[in-house]
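Student: Take this structure, written in structure tokens, and hold onto it; I'll ask about it next.
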Amino acid sequence: MTTEMQEIAITEEKPLLTGQADTTKDAELAARILLDQGQEHNVETPHGVLHVTLHGTRTTRRPAILTFHDVGLDSKSCFSPLFKFEEMQEIVKNFTLIHIDAPGQEEGAAAYPTGYQYPSMETIAEMIPAVLQFFNFRTVIGVGVGAGAYILSKFTLANPDSVEGLVLINIDTNARGWIDWAAQKVCLFSFIPPFFLSFIQDYMEELSSNTDLVQSHRERISKASNLINIELLWKTYNSRRDLNIDRNCTFKCPVMLVVGDQAPYEDAAVECNSKLDPTTTSFLKMADAGGLPQLTQPAKLTEAFKYFIQGMGYMASSCMTRLSRSRTTSLSSSYSMDGSRSRSRTLSQGSQGGQMPPSPSQTMEVSC
């Protein structure tokens with residue numbers, strides 16, 4: 001008997017993965033929220049709790065960008081305009097951001113009781129390693145403003161292997177701080193909250209001619225529930241010690257110093273620049289920036305930051321769009337072995353975007 005074999009084509013019916021599209025959208029939305037709003041953490045340290053906000057995926061293949069704010073500000077008010085700036089997103093998407101609030105300075109923080117002993121600048125700097133350990137980061141690129149720049153400097157000097165680069169805005173390495181300037185307005189050692197509030201508001205006005213910016217900070221500070229905490233940080237900052245850095249005892253990483261032209265800190269930043277290693281230091285004096293360049297000139301600071309990161313070996317293909325097209329961006333050397341200025345060079349409007357910045361063979365002063 002002959003058996004006939006028939007070939008039957010069977011169409012495989014694949015079950016629909018219900019909810020797959022929705023799950024993908026939810027994941028993308030969650031990632032976007034994490035990038036925009038960040039995850040807030042209260043990190044235990046040997047000297048108390050720090051409020052920290054993390055943006056990104058915690059990838060440790062690259063150093064995290066770690067920020068520290070100035071007096072009268074918190075991490076959001078100090079850095080949000082810069083890191084939410086459109087052209088900064090190329091950096092934000094490639095690095096994890098860690099924003100640290102000084103003790104009691106975060107939004108909505110409860111006021112410290114009368115007699116509370118606020119930690120010193122040195123103590124706050126000693127709290128940072130616990131943050132790196134909490135997020136499992138071995139190294140960071142530090143970005144600090146004013147008091148935050150001083151704190152990150154202390155941390156870097158004590159932990160040189162943990163910092164790959166430093167961006168110091170409005171740095172003052174001297175113990176005198178702003179006392180000489182501020183004493184013309186009020187006595188720093190007899191603050192009462194109303195005077196302090198008035199002083200901070202005047203201070204903000206000194207820093208920027210942007211009336212909208214000044215008004216927003218006035219409203220934020222006047223409504224702050226932790227005004228006494230701001231006062232404590234201010235007093236602590238003004239009682240700080242000299243950093244005691246010089247050419248023989250200095251940072252072991254690349255440093256970019258940033259200050260606005262005619263800002264209260266210009267002389268202090270210039271003095272700091274003279275103490276650092278000229279082969280690894282760049283000095284950016286920013287025109288029309290006042291004393292808050294990260295708020296008033298985010299485009300220029302973003303471009304400079306991209307160059308800085310490129311010089312460290314990261315984001316070599318990053319697209320430069322502003323400084324490289326600047327018509328008369330001058331790069332004038334501010335240091336030579338005898339302390340005198342040497343030649344200057346100009347980047348013309350025809351400079352190619354994406355071009356690597358000049359080799360940091362000497363400290364450069366950039367006015368843009």
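Student: Checking the table 84/252; 84/306; 76/235; 154/275; 252/275; 84/235 against a 19 Å threshold on Cα-Cα, which pairs fail? Walk me through the numbers before you get to the answer.
Tutor: Numbers: 84/252 30 Å; 84/306 15 Å; 76/235 22 Å; 154/275 15 Å; 252/275 13 Å; 84/235 31 Å.
Distance filter (> 19 Å) returns 84/252; 76/235; 84/235.
Student: Given labels modelled 7 Å from the Cα in the Cβ direction, how far is it in nm from residue 267 to residue 117?
Tutor: Between residue 267 and residue 117, the label points sit 3.5 nm apart.
Student: For the pair residue 110 and residue 279, how long in nm is the line joining their label points, each one 7 Å along Cα→Cβ?
Tutor: Calculated label separation equals 5.3 nm.
Student: On to the next question. Calculate, for residue 287 and residue 312, the FRET efficiency according to 1/(1 + (r/R0)^6) with r their C-beta to C-beta distance and R0 25 Å; round to the nearest 0.05.
Tutor: On the way: r = 25 Å, r/R0 = 1.02.
In this case the efficiency is close to 0.45.
Student: Along the Cα→Cβ direction, 7 angstrom out, place labels at residue 134 and residue 87. What is the inter-label distance in nm?
Tutor: 3.4
Values in this text are rule-based calculations from the coordinates and carry no lab data. Every value quoted in this text rests on a predicted model; they were computed, and no experiment measured them. Cβ coordinates were reconstructed from backbone atoms using ideal geometry, including for glycine residues, and neighbour counts include every protein chain displayed.
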